[in-house]
Amino acid sequence: MESSPIIAPSILAADFARLADEVGAIEGAADWVHVDVMDNHFVPNLTLGLPVVESLRKATTVPFDVHLMITDPERWAPGYAEAGAYNVTFHAEACDDPVALAKTLRAAGSKAGLAIDRDTPVEPYLEMLPFVDTLLIMTIKAGFGGQKFLPEMLDKVRDVRRRIAAGGLEVRLEVDGGISADTIEQAAEAGADAFVAGTAVYGADDPAAAVRRLRALAAPMVAGQ
């Protein structure tokens, strides 16, 4: 299946006092906006939640890719779908029945994503690929932005890409953590086709140009998947 890369700048790296402006800076360039929701329970960090997502949704037309690093996603995830998120991703480690939650999210109007953290093997979750729209592989330990990309995580990406190809599945394979102009080609070569980039976009003088550069680097590999 020929596809083009999805570039999803993470507003975790943006200026929280100017979020609407920061999203505006990548409008027209980015495919998705990646919104990291952390609860200080599942990960030792606290970011933004549903009220911010609801407010920000009114300020932009860019689809929201919401990444829930929270405990009890069954309770909270549907609210993000109802708030207009395009894709809602929850962590495998926080959920007893990922397939049931994926169905709930789709019924609430969003696509459903499953995230696998750095220390979690991907094999037990490969059977769930037909039931989700996105599989997110963390290329760092979930919880904080600005961490260094871990190339050893790309073996998981390769395993998932093989399973997607073998099953002829329509699943986006997303990577998150340390994605930059220096690392995106490795991730795309391993089989990723959606890329979360925080500092690489919001640390640049021109965030939109940074997004376009990342897409240009990833596109040749993604087209060949």
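Points worth noting:
- Selection status of Ala194, over 17 Å from Asp65 (Cα atoms) and in contact (Cβ under 8 Å) with a residue 60 or more places away in the chain: no
- Total residues in region 99-127, condition assigned to a helix (DSSP H, G or I), within 20 Å of Asp65 (Cα to Cα) and touching a Pro at 6+ places or on another chain (Cβ under 8 Å): 3
- Long-range neighbours under 7 Å by Cβ, at least six apart or interchain, first residue without any contact (Cβ under 8 Å) to a residue 24 or more places away in the chain within region 23-39, second of a type in the set (S, T, N, Q): none
- Within region 190-209, the only residue that satisfies the criterion of being among the acidic types (Asp, Glu) and either crowded, with 18+ Cβ neighbours inside 10 Å or touching a His at 6+ places or on another chain (Cβ under 6 Å) (or both) is Asp193.
- Residues that are touching a Lys or Arg at 6+ places or on another chain (Cβ under 6 Å), within 16 Å of Val175 (Cβ to Cβ) and not β-branched (Val, Ile, Thr), drawn from region 116-128: Arg118
- Selection over region 139-182 of residues that are closer than 20 Å to Ala14 by Cβ, assigned to a strand (DSSP E or B) and touching a helix residue (DSSP H, G or I) at 6+ places or on another chain (Cβ under 9 Å) gives a count of 1.
- Among the residues of region 168-217, those that are in contact with a Lys or Arg (Cβ under 9 Å, 6 or more places away or on another chain) and on the phi > 0 side of the Ramachandran plot comprise Gly177, Gly178, Gly191.
- Verdict on Lys58 being among the basic types (Lys, Arg), surrounded by fewer than 23 Cβ atoms within 10 Å (Cβ to Cβ) and either farther than 26 Å from Ala197 by Cβ or within 17 Å of the chain's Cα centre (by Cα) (or both): no
- Scanning region 25-43 for residues that are at negative phi, more than 11 Å from the chain's Cα centre (by Cα) and of a type outside the set (Phe, Trp, Tyr) gives Ala25, Ile26, Glu27, Ala29, Ala30, Asp31, Val37, Met38, Asp39, His41, Val43.
- Test: Pro44 is closer than 16 Å to Met138 by Cβ, out of contact with any Leu (no Cβ under 7 Å at 6 or more places or on another chain) and either surrounded by fewer than 17 Cβ atoms within 10 Å (Cβ to Cβ) or without any contact (Cβ under 8 Å) to a residue 24 or more places away in the chain (or both): yes
- For region 210-225, taking the residues that are in contact (Cβ under 8 Å) with a residue 40 or more places away in the chain and farther than 17 Å from Trp32 by Cβ, the one that is surrounded by the fewest Cβ atoms within 10 Å (Cβ to Cβ) is identified as Ala223.
None of the figures in this text is laboratory data; all of them are computed from the coordinates on show. Everything quoted here is computed from the prediction, not taken from an experiment. When we count neighbours, we look across all protein chains shown, and the Cβ atoms used for this are built from the backbone with ideal geometry, even at glycine.
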